[in-house]
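Novice: Dropping the structure in here first, questions after.
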Amino acid sequence: MKFLLLTLIAHHRDPRTGVAKSPAERLQEVVDNAVLAEELGFDGFAVGERHEDPFISSSPPVVLSNIAARTSRIGLFTAVTTLSLLDPVRAFEDYSTLDNLSGGRLELIIGKGNGAAQAELFHVTTADQWDRNREGYELFRALWDSERVTWTGRFRPPLVDAKALPRPLQKKIRIWHGSATSRDSVDLAARHGDPIFSANVTYPIEPYAELVQHYRARWEFYGHDPNDALVGAGTAGFHIAPTSQQAIDEYRPAFEARLSFARSAGLPVVFESIEDFVDRSSALIGSPQQVIDKVGRYHERLGHEVIHLSAETDGVTEAQKRRSLELFQAEVAPVLRQQLSSRPLSAQVIRQDAVA
């Protein structure tokens with residue numbers, strides 16, 4: 001199994017101290033966390049894209065380029081790139097540049113995006129976001145795969161023998177399709193032979209397992225080898241300590257802040273207590289053995305090869321967060337890597353090719 005750290009770059013007051021860092025401090029913290037992730041042996045670091053409060057993650061390629069300059073081995077992910085909002089040509093130029101600067105360590109997770117701000121800022125609504133996402137993906141893929149592209153679509157001017165530069169380092173980039181509940185997204189992935197990344201964060205496992213099962217069925221429907229289907233999955237929360245009770249006690253402020261935010265924002269509240277959250281969600285909060293067991297149970301339902309864990313302090317102290325990450329790499333990751341096989345990430349393939 002492969003392990004990513006992920007951030008959506010939330011920018012709000014610390015639930016313990018009540019203090020909010022400046023945007024500059026917060027962005028620098030993200031880059032420092034990615035450097036730490038590489039130091040500790042994580043396989044990848046993922047940066048989300050959001051265009052509204054409380055997030056300042058509107059420009060993943062800029063953040064990931066900074067991370068690329070500070071690291072040398074770790075895979076660089078978007079989580080997600082909202083292609084429904086972006087000009088695919090501009091997105092190609094940004095990510096092809098990043099691919100070259102990072103030495104081919106880039107993998108994209110794409111999605112339609114969500115939230116009211118995208119309608120205000122980009123005039124993209126629920127009525128057309130799926131069509132925009134599909135069209136943006138198909139043009140982006142064409143630009144990556146071919147030096148010259150002739151193309152016509154609904155949402156941007158046509159291209160005639162167009163050449164977008166720079167050409168990427170990776171001849172074929174892995175593009176994951178991120179999805180929470182949409183069959184449109186996983187059908188698009190299956191049709192093009194791409195992997196999916198299940199959000200797996202808001203509800204218990206059942207709807208996500210059903211969506212993964214649908215993906216695998218559509219994968220075979222489109223004539224692909226069932227063994228080639230590739231699935232990743234998120235986790236709703238992450239904190240490890242030597243004992244379950246210590247992990248829960250340390251994570252409790254983060255859960256309470258999360259619950260308060262959901263209620264104030266009118267979001268669905270599925271787990272009313274931290275105990276219920278730990279028991280029924282995908283959150284990995286507990287002792288090392290509890291986390292190993294839970295990942296194994298989820299793997300039985302999803303068959304995933306990659307998971308993401310939160311890169312944020314999430315209401316715990318920086319020292320507690322570092323100890324949690326170190327404990328994960330010392331006692332959890334080696335067991336899961338041995339028990340659950342997985343294919344290499346792009347960054348690992350690039351390193352293997354360089355050695356060869």
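Novice: Against the definition (in contact with a helix residue (DSSP H, G or I) (Cβ under 8 Å, 6 or more places away or on another chain) and not acidic (Asp, Glu)), how does ARG154 come out, yes or no? Step through it out loud before you land on a result.
Specialist: Details: in contact with a helix residue (DSSP H, G or I) (Cβ under 8 Å, 6 or more places away or on another chain): yes; not acidic (Asp, Glu): yes.
Criteria met by ARG154.
Novice: In addition: So, in region 273-288, exactly how many residues are touching a residue at least 12 places away in the same chain (Cβ under 8 Å) and either more than 22 Å from the chain's Cα centre (by Cα) or assigned to a helix (DSSP H, G or I) (or both)? First the steps, then the outcome.
Specialist: First, the residues of region 273-288 that are touching a residue at least 12 places away in the same chain (Cβ under 8 Å): 274-275, 277-278, 280-288.
Those left that are additionally either more than 22 Å from the chain's Cα centre (by Cα) or assigned to a helix (DSSP H, G or I) (or both): 274-275, 277-278, 280, 286-288.
Within region 273-288, residues that are touching a residue at least 12 places away in the same chain (Cβ under 8 Å) and either more than 22 Å from the chain's Cα centre (by Cα) or assigned to a helix (DSSP H, G or I) (or both) number 8.
Novice: Residue check, GLY315 against (1) open to solvent by less than 50 Å² (accessible area, probe 1.4 Å); (2) under 30 Å from VAL186 (Cβ atoms); (3) over 20 Å from the mean Cα position of the chain (by Cα), all met but one. Which one?
Specialist: (2)
Novice: Give me the pairs: first residue in region 10-32 and farther than 14 Å from ALA254 by Cβ, second residue among the basic types (Lys, Arg), beta-carbon distance under 8 Å, and six or more apart or on different chains, which are they?
Specialist: Listed by first residue and then by second, the contacts come to HIS11/LYS21; HIS11/ARG26; VAL19/ARG13; ALA20/ARG13; GLU29/LYS21; VAL31/ARG70.
Novice: Tell me, please, whether a residue that is at negative phi and of a type in the set (Asp, Glu) can be found in region 148-164.
Specialist: Initially, region 148-164 is screened for residues at negative phi, giving 148-160, 162-164.
Applying the additional criterion that residues be of a type in the set (Asp, Glu) yields none.
Within region 148-164, not a single residue is at negative phi and of a type in the set (Asp, Glu).
Novice: Can you work out which of the residues in region 114-162 that are more than 28 Å from the chain's Cα centre (by Cα) and β-branched (Val, Ile, Thr) is nearest to LEU83 (Cα to Cα)?
Specialist: THR152
Novice: In region 137-158, what count of residues is obtained for those that are buried (at least 19 other Cβ atoms within 10 Å of the Cβ) and in contact with a Gly (Cβ under 9 Å, 6 or more places away or on another chain)?
Specialist: The total comes to 1.
Novice: Moving to a separate point now. With the condition kept exactly as written, say whether any residue in region 293-312 is surrounded by fewer than 22 Cβ atoms within 10 Å (Cβ to Cβ) and at pLDDT below 95.
Specialist: Among the residues of region 293-312, at least one is surrounded by fewer than 22 Cβ atoms within 10 Å (Cβ to Cβ) and at pLDDT below 95, which makes the answer yes.
Novice: Condition first: surrounded by fewer than 19 Cβ atoms within 10 Å (Cβ to Cβ), hydrophobic (A, V, I, L, M, F, W, C) and part of a loop (DSSP other than H, G, I, E, B). Now tell me which residues in region 123-136 satisfy that.
Specialist: Let us first name the residues in region 123-136 that are surrounded by fewer than 19 Cβ atoms within 10 Å (Cβ to Cβ), namely 123, 125-128, 130-131.
Still in the list and also hydrophobic (A, V, I, L, M, F, W, C): 127, 130.
Residue satisfying the conditions is ALA127 alone.
Novice: Against the condition within 25 Å of ARG258 (Cβ to Cβ) and of a type in the set (Asp, Glu), how does ASP53 come out, does it pass? Lay out the reasoning, then the answer.
Specialist: On the way: within 25 Å of ARG258 (Cβ to Cβ): yes; of a type in the set (Asp, Glu): yes.
Yes.
Novice: Do you know which residues across region 163-193 are modelled with pLDDT of 95 or more and under 15 Å from the mean Cα position of the chain (by Cα)?
Specialist: The answer is ARG174, ILE175, TRP176, HIS177, GLY178.
The values are calculated or read from the model by the stated rules, or taken from the named source; none is laboratory data. The shown structure was predicted, so the numbers you read here are calculated from the model rather than taken from an experiment. So basically every Cβ, Gly included, is an ideal-geometry build from the backbone, and we count neighbours across all protein chains shown. Note: accessible area is taken over every heavy atom of the protein model, side chains too, but ligands, DNA and RNA are not part of it. Shrake-Rupley method; radii C 1.70, N 1.55, O 1.52, S 1.80 Å.
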